[in-house]
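S.K.: Dropping the structure in here first, questions after.
Computed from the coordinates by the stated procedures, all read-outs in this text should not be read as laboratory data. All of these numbers come straight from a predicted model, not from anything done at the bench. Cβ: placed from backbone, ideal geometry, glycine included. Neighbour counts: every protein chain shown.
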Amino acid sequence: MPFFGLMIDKYHTMQFEFLIIACLLNTLGIVFLTAFNPILGCIIFGLGYNFRITLMFPLLNKVVPAYAFGKALGIIKSCENILDSLVFLAISFMVHHTGSYESSYMLASVIGMFMTIGSVVLH
């Protein structure tokens with residue numbers, strides 16, 4: 001989304017804080033998906049996902065040399081997509097076997113905690 005790109009370009013010193021916000025948006029999207037409204041949850045999760053993608057390019061340039069940028073981007077995107085799909089598979093598995101969304105609330109909070117802690121550790 002262009003808004004996220006403009007915000008990251010304007011406040012380029014706050015990239016790691018934006019990464020934490022993106023992770024919290026993803027967690028909030030998962031919680032809304034399972035607890036309240038699936039449409040609102042998908043919208044919030046999509047915003048967090050777009051925010052992470054927009055943040056990835058400037059942060060990746062700081063870590064990876066220019067000749068390996070394409071490979072690193074491909075690996076990161078593959079891992080990100082696989083992990084995002086595994087979250088929803090785990091939620092559907094838990095709902096199928098328990099019959100309620102209560103266990104998925106716990107999963108969403110644990111995933112959000114790990115994503116936020118991981119973001120802080122990267123900082």
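S.K.: Counting other C-beta atoms within 10 Å, which of 10, 77 has the fewest, and how do the rest follow? Working shown, then result.
M.R.: Values: 10 8, 77 12.
Arranged by neighbour count, lowest to highest, 10, 77 become 10, 77.
S.K.: When the helices in the chain are scored as -39500 (n - 2.57) per DSSP H run of 4 or longer and the sum is shared across all residues, what 222 nm value do you end up with, to the nearest 500 deg cm²/dmol?
M.R.: Working: 5 runs with 107 residues, N = 123.
Taking each H run of at least 4 residues, the total per residue is -30000 deg cm²/dmol.
S.K.: Which residues does a label at residue 95 reach in the stretch 34-62, if reach means a backbone N under 17 Å from a point 7 Å past the Cα toward the Cβ?
M.R.: The answer is 34-46, whose backbone nitrogens lie closer than 17 Å to the label point.
S.K.: Here is a further query. What's the FRET efficiency of residue 68 with residue 9 using the Cβ-Cβ distance as r and R₀ = 22 Å, to the nearest 0.05? Numbers along the way, then the final one.
M.R.: Details: r = 24 Å, r/R0 = 1.08.
Calculated value: 0.40.
S.K.: To continue, here is another question. Among all helices in the chain defined by DSSP H, which have a length of 15 Å or more along the axis from Cα atoms plus a Kyte-Doolittle mean of at least -1.0? Kindly include the intermediate steps, with their values, before the conclusion.
M.R.: Working: long enough: 15-35 (30 Å, 1.85); 38-63 (36 Å, 1.24); 69-98 (43 Å, 0.98); 102-122 (31 Å, 1.43).
Going by DSSP H runs, the hits are 15-35, 38-63, 69-98, 102-122.
S.K.: Next question. Once every Cα of the chain carries one equal point scatterer and solvent is ignored, give the base-10 log of I(q)/I(0) from the Debye formula at q = 0.10, 0.14 Å⁻¹, two decimals.
M.R.: The Debye formula, applied to the Cα set alone, gives -0.34, -0.64.
S.K.: Pop the C-beta distance of residue 88 and residue 121 into the FRET formula with R0 = 30 Å and round what comes out to the nearest 0.05.
M.R.: Numbers: r = 25 Å, r/R0 = 0.83.
Once the sixth-power term is evaluated, E becomes 0.75.
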